[in-house]
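Participant: Below you will find the structure I want to go over with you.
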Amino acid sequence: PGHIEPGMDNEHMVSNVDLVPTVHHLLGLSPGALPGINALDKDALDSRAVVFSECYDHDISDVDDPTHSLLYQIAIEKKWKLVVPNTNFLQVEGTSRKDHINGRYYKDVHLFDLETDPEEMVNKVQDHPEIASRLMARIENWRHATPSSVE
């Protein structure tokens, strides 16, 4: 109380990588070159175009190469969510959302419209290949960026 104004923000995207920079801000510390933004900074939130994420298998398969266990790369841009599977790692294929929830994984790229399909049931990649391509390129750029150059 007195330091953070209570409220709900349904407009901006935040990520778990924003936690440390936000806490640093609250403590009066500099976040340095950490990825993420101060989630209390409206200008930073307004300028964010995409949030990226990766999903890994629960059990790491190669401690010297942690990315070997990568299941998916994800980009969320406003209403669009792109899910790109690592087809080299996925072993058990699922074809439905129910399969996916039960531990089977998609082997094809999925694009979801989160406004009209918040439960991610309908793959729109065939309807919007240009959006999928643009977001795939953004994922590639993000993966090869240095921490200080990440959006």
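Participant: In nanometres, what is the gap between the two model label sites at residue 33 and residue 63, each 7 Å from Cα along Cα-to-Cβ?
Facilitator: For residue 33 paired with residue 63, the spin-label model returns 2.7 nm.
Participant: Then there's this: Quick one: how many Å² of residue 122 are accessible to a 1.4 Å probe, rounded to 10?
Facilitator: So the heavy atoms of residue 122 present about 70 Å² to solvent.
Participant: Might you work out the accessible area of residue 9 for me, using a 1.4 Å probe with all protein chains in place, and round it to the nearest 10 Å²?
Facilitator: 70 Å²
The values are calculated or read from the model by the stated rules, or taken from the named source; none is laboratory data. Treat the numbers as computed from the prediction; the structure is a model and nothing was measured. When we count neighbours, we look across all protein chains shown, and the Cβ atoms used for this are built from the backbone with ideal geometry, even at glycine. For accessibility, only protein heavy atoms count, side chains too; no ligands or nucleic acids. Shrake-Rupley method; radii C 1.70, N 1.55, O 1.52, S 1.80 Å.
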